[in-house]
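I have placed the structure first, in the form of structure tokens, so that the comments after it can refer back to it.
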Amino acid sequence: MWARFKRDRIGVISAGVVIFFFLIGLLAPLISKIYGKDPYTRYGQITPGLLVNQYPAGPNGGISGDFWFGIEPGLGRDVFMQLLYGIRNTLGLAVAITLVSVLTAVLLGVAAGYFGGRTDYFLGRFIDLLMAFPQQLFFVAFVPVVGAIFVAPEDEMPEWLRASIIILVMWFLGWMSLARLLRGQTLSLREREFVEAAKVSGASPSRIIRRELVPNVMTPILVQTTYMLPNFVTSIAGLSFLGVGLVEPTPDWGRMFANAADYYRNDITYLFFPGLAMVIFIVAFNLLGDSVRDAFDPKRAR
């Protein structure tokens, strides 16, 4: 698989782009120290002449040697730092949601396929029930509802709790498609000779699932993971755009789009950088998913 993947130029380039985004997210604090600025300071308000009528005084959104991507209209924060920390926060949430969703899907999907009978029936009906929910509407409606359970209306919700609620709500409806796929794969594997041999040898069901079945469904797990993560990135950005995700002053990819919607007529530059970054990331990750799928299945023609 690795040899086939290395021969796929599009896949290698896409993997490089994805790794680059994760690296700049992880290294955002170090880059901030080297760059000499942070995503919270309102430079346009504390330095005279940077903002005129709430808009950057310089051309192209105030791009200069001091502000590589310009400054934010209104508050005057550094756009480059806002974008890096926004990528860091959004990708961090997306990775956490993807991990718990994949683990849940593997546990329930493989268990349903292996045990069959009533276990398969009840888990299958539970998955069908959850898949009947409209995901985007559920996210928008239940993030503030779940938050109200933990925090009184007059109190401000801590950012760690808001992030945890986003992970909880998006995980709740994010694992079913993979679980259904793994159930089907396991149903075709549980009658194979190597599974029967493990049963005859006295292996426990947990050992059979862990040592025999899960390794044989790693291909769909890896491929689906490369599709799930960018979907979670766009969903998290959408929540912030609608005002129910991360809030000020925490930098966020989606909220940059929401702020840009108020200023794009007079400062299109502020919308350009987060928009271009998200398009590049989503396209690269989807192309990476296609390459991973092709590498695992050499008979598949692109």
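For the chain, the longest stretch holding no GluC sites (Glu not before Pro) located in a DSSP loop with at most 12 other Cβ atoms within 10 Å is which?
The answer is 1-153.
Normalising by the residue count of the chain, find the relative contact order in percent from Cα pairs under 8 Å and 6+ residues apart.
It rounds to 26 percent for the chain.
Where does region 1-296 land on Rg(C-alpha)/(2.2 N^0.38 Å)?
1.20
Let me have the 222 nm mean residue ellipticity of the chain computed from DSSP H runs of 4+ only, each contributing -39500 (n - 2.57), with the sum over all residues rounded to the nearest 500.
-22000 deg cm²/dmol
Where does each of 83-91, 161-169 land if you order them by average Cβ count within 10 Å, highest first?
The most tightly packed comes first, giving 83-91, 161-169.
Whole-Hz Karplus ³J(HN,Hα) for region 219-228, in order, using 6.51 cos²θ - 1.76 cosθ + 1.60 and θ = phi - 60°, x for Gly and Pro?
4, x, 5, 5, 5, 5, 5, 5, 8, 5
Along the charge dipole of region 1-296, pointing to its positive end and built from +1/-1 on Cβ of Lys, Arg, Asp and Glu, which listed residue (L287, F139, S240) has its Cα farthest out?
It is L287, whose Cα lies furthest towards the positive end.
For region 263-273, in order, what is each residue's ³J(HN,Hα) by Karplus, 6.51 cos²θ - 1.76 cosθ + 1.60 with θ = phi - 60°, in whole Hz (x at glycine and Pro)?
Result, ordered by residue: 10, 5, 5, 10, 8, 5, 4, 5, 7, 5, 5 Hz.
Determine the shape class of region 69-220: with a ≥ b ≥ c the square roots of the Cα gyration tensor eigenvalues, call it rounded for a/c under 1.5, and otherwise prolate if a/b is greater than b/c, oblate otherwise.
Prolate shape, in that a/c is at least 1.5 and a/b is the bigger ratio.
Quick one: Karplus J couplings for region 239-255, per residue in order, coefficients 6.51, -1.76, 1.60, θ = phi - 60°, nearest Hz, x for Gly and Pro?
Those phi angles translate into 4, 5, 4, 7, x, 10, x, 5, 10, 4, x, 5, x, 8, 4, x, 5 Hz.
Going by amide H atoms built from the backbone, whose H comes under 5 Å of the H on L51, apart from near neighbours?
The answer is A57.
Expressed as a whole percentage, what fraction of the accessible surface of region 1-296 belongs to carbon and sulfur atoms when a 1.4 Å probe is rolled over the protein heavy atoms?
65 percent
Excluding ligands, DNA and RNA, what is the solvent-accessible area per residue of the chain at a probe of 1.4 Å, expressed in Å²?
For the chain, the solvent-accessible area averages 52 Å² per residue.
The values are calculated or read from the model by the stated rules, or taken from the named source; none is laboratory data. Given the structure is predicted, the values throughout are model-derived calculations rather than measurements. Cβ coordinates were reconstructed from backbone atoms using ideal geometry, including for glycine residues, and neighbour counts include every protein chain displayed. Note: areas computed on protein heavy atoms with side chains; ligands, DNA, RNA excluded. Shrake-Rupley method; radii C 1.70, N 1.55, O 1.52, S 1.80 Å.
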